[in-house]
1. Roughly speaking, what is the stretch gain from A81 to R157, that is 0.36 nm per residue apart minus the C-alpha to C-alpha distance, in nm to one decimal?
2. Using the Karplus curve 6.51 cos²θ - 1.76 cosθ + 1.60 with θ = phi - 60°, what ³J(HN,Hα) values do you get for each residue of the stretch 96-101, in whole Hz, with x for Gly and Pro?
3. For an R0 of 22 angstrom, estimate the FRET efficiency from the Cβ-Cβ distance between E141 and H164 and round to the nearest 0.05.
4. So how far apart, in nm, are the two label points at R16 and C132 if each is 7 Å from Cα heading toward Cβ?
5. Taking the Cα centre of the chain as origin and charging only Cβ (+1 Lys, Arg; -1 Asp, Glu), how large is the dipole, in debye to the nearest 20?
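A short reminder: the numbers here are calculations on the coordinates, not readings from a lab. Since the structure is predicted, the reported quantities are computational estimates derived from the model, not experimental observations. Positions of Cβ are generated from backbone atoms using ideal geometry, with glycine treated the same way; all protein chains shown enter the neighbour counts.
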Amino acid sequence: MASLPDAEQLCERLARELAARVGPSCAMIGIHTGGAWVAERLHAALGLKEPLGLLDIAFYRDDYTKQGLAKDPKRSKIPFAVEGKDLLLVDDVLHTGRTVRAAINELFDYGRPASIVLVVLAERDGRQLPICAQHAGARIEVPAGMRLRLKRDDQGRLRLEFVHAA
């Protein structure tokens, strides 16, 4: 199996890339859980004026009736007005596009942003919806029968790993 890029270095690269996008109406929202971890890093590195927003898209998933709630549901918290903002929507891995679709649906319940830019630590094949990231730390080929997952250790360090698909 191919070695995976260093997640911490990908965060640093994304922060440098995003610096040009940051303006007075810019705000950031991370999707729980891995996207929130990446967003925490990027938000601090970019010094955004607005506090970091967090989304739990569990109720907005198109498979909610089949999957139900996760074992440890989080709460969405957007501590600023979404209306008219240029949003940086951050997730860890872009795969099918369904998580991003759910996040956008939820965001519009909070108001109408001026724009939404998708930022992901890694993107992989397998898109089921026409969704793409404007900023991606890496494009990673995932072997058959595996998933790409972001993990955070006890010291808060991020790393990507392959895990067997359920």
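1. 24.3 nm
2. Ordered by residue, 3J(HN,Hα) equals 7, x, 5, 5, 5, 4 Hz.
3. Details: r = 16 Å, r/R0 = 0.74.
Given R0 = 22 Å and the Cβ-Cβ separation, E is 0.85.
4. So the two model labels end up 2.4 nm from each other.
5. So the dipole magnitude of the chain works out to roughly 140 debye.
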